[in-house]
Each structure stands twice: as structure tokens, then as C-alpha cells.
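Trainee: Please see the structure below; I have some questions.
Derivation of every value follows stated rules applied to the coordinates shown; laboratory data play no part. Just so it is clear, the model here is predicted, and its values are computed rather than measured. Every residue, glycine as well, gets a Cβ built from its backbone with ideal geometry; the counts of neighbours run over all protein chains shown.
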Amino acid sequence: MGREVFKTSPMQESCTMGVWAAFDPIHKVMVIDAEGLLGNSSNQGHRTHLLLKVLAISDIIIYRTHADRLHDDLFKFLGDVSDAYLKHFTKELKATTARCGLDVPLSTLGPAIIIFHETVHTKLLGSGNSSESVDWLLLERFRKLGCFSEAFSSIRYRGTRTCSPPNRLWWPAAHPGAVAGQQLHPLPSRHLQSPAGSRHYSSVIWL
């Protein structure tokens, strides 16, 4: 608990450029750090292709944001990811459902999204008197911005409020890794797209 797996830095520049991966043999989870793909790049097309390849093998996407509010850019980025995913993989997803005899929407084969929100001065999403679920509020934000999330099997919100910084995020209930572990049990139906016995672990991408 708390051991550094991927290199971190207090500097503005990303210190893990490209894609980094680590395997957790206990939980049988492959964790992929793709944060470096979101930084500056001289080749936008190459960066997009790398991100799509990582998305294609991931069961869960953790989008972590440290901000008082969820900004529109977050939803627009995930909307663009969803559009690109369906544009490039719809043909393969349809072939998979036909081959496996699955009568399900294509979104059930897509990765699950976890928006991990750390805030300081504001309450977490859904902390007001709204009777709507937090997940529904997320979908409403996508709709109001004209963004679509059809490529994802689910979108969930998990947040923590840091009242006494710095927050080391080592507490099991708040740690993004613990949230991903909850999502892995049970696994989303997305794992059906791999031939039986070809893969015995789940893949988590960290953005």
C-alpha cells in the first residue's frame, strides 16, 4: 500500500511519456498509465492511435481530475474518445457479437468509465438535495454538451474531498485502485470479446 509503481514528478511536464504498464499478480490486473498521452506531442495522429490501442484492451478507464468542479473539457474529451472508439471498432464489435451469439448493444462490450474526482473547496457531485443519482447527473452533462458516451458499458462517479491537504489517497475507500477493484467484481461483459482462455486478467487504464 502506497508503494510507487509509476514514476511521478511535481513538475508541470509529464515524466511518464507514452504508455507504461504494471501487472498486479494478486488481483490479476494489468494497470496501464496513459497520462503521458494527454500531454504535448509533436504527432497528434500517433498519440491518438496509441490511445485507441490501449482503449481496445482495457476493461476499465479511470479518469482522475483534481478540480473544484467537473469541467466541460472532461465530458468533451470522453465524448471524443467514445466517438473515435465506435468509429474504429464498430465493425469488430459487431463481428464479435455475431461470432459469440450475443444479442446485446455494442456498448456492453466497451470499457467502463470511472470519473475519480478530488475536490477541496466544493462538495462532491450529488451532495445537494437532488433526488437524481450521481451517475444520471453525469449522463445529463454529456447530453447538455451534445456529447455521446455510447461506447462505454457504464459511467460511474467516485469522489473524495480533501479537507486537510495533502491527501495521499492511501485510504482504501477513496483510492482509485480500490474503486477499480470494486468495479472488477463482477467483471463487465466486455471480457466476452476475447476467445475463451486467451486472457485471464483484467486491464485498467489510468488517464
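Trainee: On a full-extension model of 0.36 nm per residue, what is the gain between HIS88 and ARG141, subtracting their alpha-carbon distance, rounded to one decimal in nm?
Mentor: On the way: separation 53, 0.36 × 53 = 19.08 nm, distance 2.48 nm.
Additional length available on full extension: 16.6 nm.
Trainee: For the range 56-131, what Kirkwood radius comes out of the mean inverse Cα-Cα distance, in Å?
Mentor: On the way: mean 1/r = 0.0674 Å⁻¹.
For the range 56-131, the Kirkwood estimate is 14.8 Å.
Trainee: If R₀ is 35 angstrom, what is the calculated FRET efficiency for the pair THR162 and LEU102, using the beta carbon separation as r and rounding to 0.05? Each step should come with its number before you reach the end.
Mentor: On the way: r = 42 Å, r/R0 = 1.21.
Efficiency, rounded to the nearest 0.05: 0.25.
Trainee: Under 27 Å from the Cα of LYS144, which lysines turn up, not counting those fewer than eight places away in the same chain?
Mentor: Candidates past the 8-residue exclusion: LYS76, LYS87, LYS123.
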